[in-house]
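Heads up: the structure comes next, in structure tokens.
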Amino acid sequence: MSVETQEPFKRINVDEAKKMADSGIPVIDVREPNEYRTGHVPGAKLVPLNTFLRSPKQHLPASGPVLFICAMGQRSAVASEMAAASGAADVYNIEGGTNGWIAKGYPTEK
């Protein structure tokens, strides 16, 4: 018998993420700099996953919700888990990541 454990963050799709980002909720992109330069969510702050994992509290907003994104959603899920473990209460992982964002035709910055 397996017990379903509740994740300490919420998984959202790119449509939900777009609405949240447009409303001013900060986006942290945990990809590598070379990936970030190819195109990212407008206004997203680059904090590569290894950098984030070393000092998560330093990179989190002081309060309020935060969105995490990577290419597909795996690295951002790791960052979301660490953010929640570091005390962030309103953490969202963008499922489908930047690839899904671009596939939807949403704007990016370079």
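The numbers here are math on the coordinates, done by the rules we state, and not lab data. All values reported here derive from a predicted model rather than from experimental measurement. For neighbour counting, all protein chains shown are included, and Cβ atoms are generated from backbone atoms with ideal geometry for every residue, glycine included.
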Sequence-distant residues sharing a close amide H with Lys104 (under 5 Å, placed H):
none
Once both axes come from the Cα atoms, what is the angle between helix 74-85 and the longest principal axis of the chain, in degrees from 0 to 90, rounded to 10?
50
Once label points are set 7 Å from the Cα along Cα→Cβ at both Asn99 and Asp15, what is their separation, rounded to one decimal in nm?
2.1
Candidates for Cα Rg over 2.2 N^0.38 Å are [x] 1.30; [y] 1.14; [z] 1.00, and the calculated one carries label [z]
In deg cm²/dmol, rounded to 500, what helix-only [θ] at 222 nm does the chain give when every DSSP H run of at least 4 residues adds -39500 (n - 2.57) and the total is split over its residues?
-10000 deg cm²/dmol
For a quick check: with amide H placed at 1.01 Å from N, whose amide H comes under 5 Å from Lys10's, ignoring anything fewer than 5 positions away on the same chain?
Val91, Tyr92, Asn93
The chain, relative contact order in percent, only Cα pairs under 8 angstrom and at least six apart counted:
35
Computed label-point distance, nm, for sites Met72 and Thr51 using a 7 Å Cα→Cβ extension
2.4
³J(HN,Hα) computed for each position of the range 28-41 - Karplus, 6.51 cos²θ - 1.76 cosθ + 1.60, integer Hz, glycine/proline x
10, 9, 9, 6, 7, x, 5, 5, 4, 5, 6, x, 9, 4
